[in-house]
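The values are calculated or read from the model by the stated rules, or taken from the named source; none is laboratory data. All values derive from a computational prediction rather than experimental measurement. FYI the Cβ positions are ideal-geometry reconstructions off the backbone, even for glycines, and counts take in every protein chain you see. For the accessible areas, the whole protein counts, side chains as well, though only heavy atoms, and no ligand, DNA or RNA atoms are used. Shrake-Rupley method; radii C 1.70, N 1.55, O 1.52, S 1.80 Å.
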Amino acid sequence: AQKVTQAQTEISVVEKEDVTLDCVYETRDTTYYLFWYKQPPSGELVFLIRRNSFDEQNEISGRYSWNFQKSTSSFNFTITASQVVDSAVYFCALTYIPTFGRGTSLIVHP
Amino acid sequence: DTAVSQTPKYLVTQMGNDKSIKCEQNLGHDTMYWYKQDSKKFLKIMFSYNNKELIINETVPNRFSPKSPDKAHLNLHINSLELGDSAVYFCASSHYLQGNNSPLHFGNGTRLTVT
């Protein structure tokens, strides 16, 4: 069985603050993929990043960065200098049966 | 061009009715999925088809029946609708090979309201 835990239900920040969304996963597979998706208020689900279990390098894309640590089974997501447009529900997911965490709602206030 | 399209976008119906949601993808993916998102935003997988073959069938009432006429289509038929079926249903597709799984591409969702 596999499981994804996003312990933070809701995070509220003020614009320009940095924020980290936590993701902890459980799986018995030795090879697996982790994903982050964004669901803005408009409702669509948007893919952000994929990481495979053999690649523990951190990744940075603009204001977004991801920290994958296999030793702690975590794949955390940091937004630097948050903006109002970052307000959304963010989901962490694990394959092969695509299993989603319950999501973290991020609210960025102007 | 829409990559994953599902229709209708909104569906309002009464308890006991039968309804269908259609999904089509033009990405050339070999795997399609149906997810249910409840009012608390929890995304739960319902079904998955790979090359028209059912590969995932989670604990879903028998009233829900997926149908995949070809790799590009995965429809969801729901019989005897109940109030608890009210949710947003997302179709998704990906390219799946053992040891590799591409990101899911989602449709825009169908908001089903059962009254």
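Enter the mean number of other protein chain beta carbons within 10 Å of the beta carbon of each residue in A:96-103, as an integer.
Neighbouring Cβ atoms belonging to other protein chains average 6 per residue here.
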- Note on the structure: Quick calc, chain A, dipole around Cα centre from Cβ unit charges on Lys, Arg (+) and Asp, Glu (-), nearest 20 debye, gives 240
- Query: Which aspartates and glutamates have a Cα less than 14 Å from the Cα of B:K44, not counting those fewer than 8 places away in the same chain?
  - Reply: B:E58, B:D85
- Query: To the nearest 100 Å², how much accessible surface do chains B and A cover up together, summed over both, with a 1.4 Å probe?
  - Reply: 1700
- Share of carbon and sulfur in the accessible heavy-atom surface of the range B:4-114 [1.4 Å probe, %]: 49
- Query: So, with +1 on the Cβ of K and R and -1 on the Cβ of D and E, and no other charges, what is the size of the charge dipole of the range B:4-114 about its Cα centre, to the nearest 20 debye?
  - Reply: 240
- Query: Which Rg and Dmax, in Å, describe the Cα atoms of the protein assembly as shown?
  - Reply: 17.7, 52
- Task: Find the accessible area per residue for the range A:3-109; the probe is 1.4 Å, ligands and nucleic acids are left out, and the unit is Å².
- Result: 47
- Message: Give the lysines whose C-alpha is closer than 17 Å to that of B:K40, dropping any in the same chain fewer than 8 places away, or say none.
- Response: A:K38
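For the range A:3-109, give the percent of accessible area contributed by carbon and sulfur heavy atoms, probe 1.4 Å, rounded to a whole number. Before the final figure, lay out each step's value.
Values: 2470 of 5070 Å².
Of the solvent-accessible surface of the range A:3-109, carbon and sulfur hold 49 percent.
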- Which of A:Y33, A:V13, A:A88, positive extreme of dipole for the range A:3-109 (C-beta unit charges): A:Y33
- Task: Indicate the residues belonging to the range B:22-38 that lose 30 Å² or more of solvent-accessible heavy-atom surface (probe 1.4 Å) upon moving from the chain alone to the assembly of all protein chains, ignoring ligands and nucleic acids.
- Result: B:Y35
- How far is it, in nm, from the label point at B:H77 to the one at A:S71 when both lie 7 Å from their Cα along the line to the Cβ? 5.5
